[in-house]
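The values are calculated or read from the model by the stated rules, or taken from the named source; none is laboratory data. What you are looking at is a predicted structure, and each value in this text was computed from that prediction instead of being measured. Neighbour counts run over all protein chains shown; Cβ positions are idealised from the backbone, glycine included.
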Amino acid sequence: MEINKMIVSLAVSLGLLFSALLPASANETVNVATVLYPPLVFEDAEPKFGKGMLRDIVTEAFAAEGLSAQYDLLPMSRNVWSIVKRVQDCCLGSMEWFRQSGLEDKVEAVDNIQLNFVGFYQVKRFPEGVAFNRLAELNKYSFGNVRGSSSQRVLDEAGLETDLASDIRINFLKLNAGRFDFAVAFRVTGEYLIWELFPEKAPEFSFTTKAIEQMKLSVIFQKRNRKLKRTFIKGLEKIARDGTYYSILKRYHVNGIVPEDIIPKNLRAVVKK
């Protein structure tokens, strides 16, 4: 009897070991938490674009490994909660969200892209452009930002006056109305929103050439979910090698020019342009 129990126990242990090593099964659905943030994540497909630059990358990476992705668009704080409480399989966003909550040791990230936060402004307000060495030098000006944004920490550290909104579009509408001097956004986001909201005024806006902050955007997994993380990495590298990844980046840049520093270090050696 004891021998039979040992055999059963060994078989169960081996089964668990092999299941952990095997890739996720085909047609499995991965539940992804993220935020609505154009053009990185749209709620629905947008003509000429898709469902968002980041959303498309993640969808294609999982699809390359036979998985489908289902997205839940949540506030930033609930993204963190949904991963820590294992409500969702992974989160598409920023590790800064988890650092702000003191929970970065619970998760691991796979970087997808890296983007610069810049300050968009009206050219008539700063006809000579805007130059600064330290962000604190701009403390006599007003800024608009999204509540919960990963960039808010550096604005607070610089002592900058900030008007917070729940929607990035509101910030650009306020910028156009002269409610503040700068709207903080990723460059690709600001360019897209200006094109979407007031395309005829596009030449009237510019942005700081010096970045306010560089941010990596990643798929974030609980540490115990390493099997799914490995599967995602394989799919991400596949679409980087076959050109899908770069074609997505190009599609979402209004002028078709992809900045070199958008590609994170983990993908630079394998990306086909």
Next on the checklist: Out of everything in the range 96-153 that is of a type in the set (Phe, Trp, Tyr) and within 24 Å of residue 58 (Cβ to Cβ), what residue ends up being modelled with the highest pLDDT?
Outcome noted: 117
Next on the checklist: Tell me whether the range 221-230 contains one or more residues that are within 22 Å of residue 46 (Cα to Cα), assigned to a helix (DSSP H, G or I), more than 17 Å from the chain's Cα centre (by Cα) and at pLDDT 95 or above.
Outcome noted: no
Item to check | Verdict on residue 235 being modelled with pLDDT of 95 or more and either surrounded by fewer than 19 Cβ atoms within 10 Å (Cβ to Cβ) or of a type in the set (Asp, Glu) (or both) | outcome: no
Checklist entry - Is it fair to say residue 127 is out of contact with any helix residue (DSSP H, G or I) (no Cβ under 9 Å at 6 or more places or on another chain), farther than 15 Å from residue 185 by Cβ and in contact (Cβ under 8 Å) with a residue 60 or more places away in the chain? => result no
Item to check | Lone qualifier among 117, 143 - being touching a residue at least 60 places away in the same chain (Cβ under 8 Å), among the aromatic types (Phe, Trp, Tyr) and buried (at least 19 other Cβ atoms within 10 Å of the Cβ) | outcome: 117
Checklist outcome for this item: For the range 248-261, the count of residues that are over 18 Å from residue 60 (Cα atoms) and either at pLDDT 95 or above or out of contact with any Phe, Trp or Tyr (no Cβ under 6 Å at 6 or more places or on another chain) (or both) equals 8
Checklist outcome for this item: Residue hits (the range 175-192; among the acidic types (Asp, Glu) and in contact with a Ser or Thr (Cβ under 7 Å, 6 or more places away or on another chain)) are 181
Next on the checklist: Which residue is surrounded by the fewest Cβ atoms within 10 Å (Cβ to Cβ), if the candidates are limited to the range 254-271 and must be closer than 24 Å to residue 234 by Cβ, free of Cβ contacts under 8 Å to residues at least 60 places away in the same chain and not charged (D, E, K, R)?
Outcome noted: 269
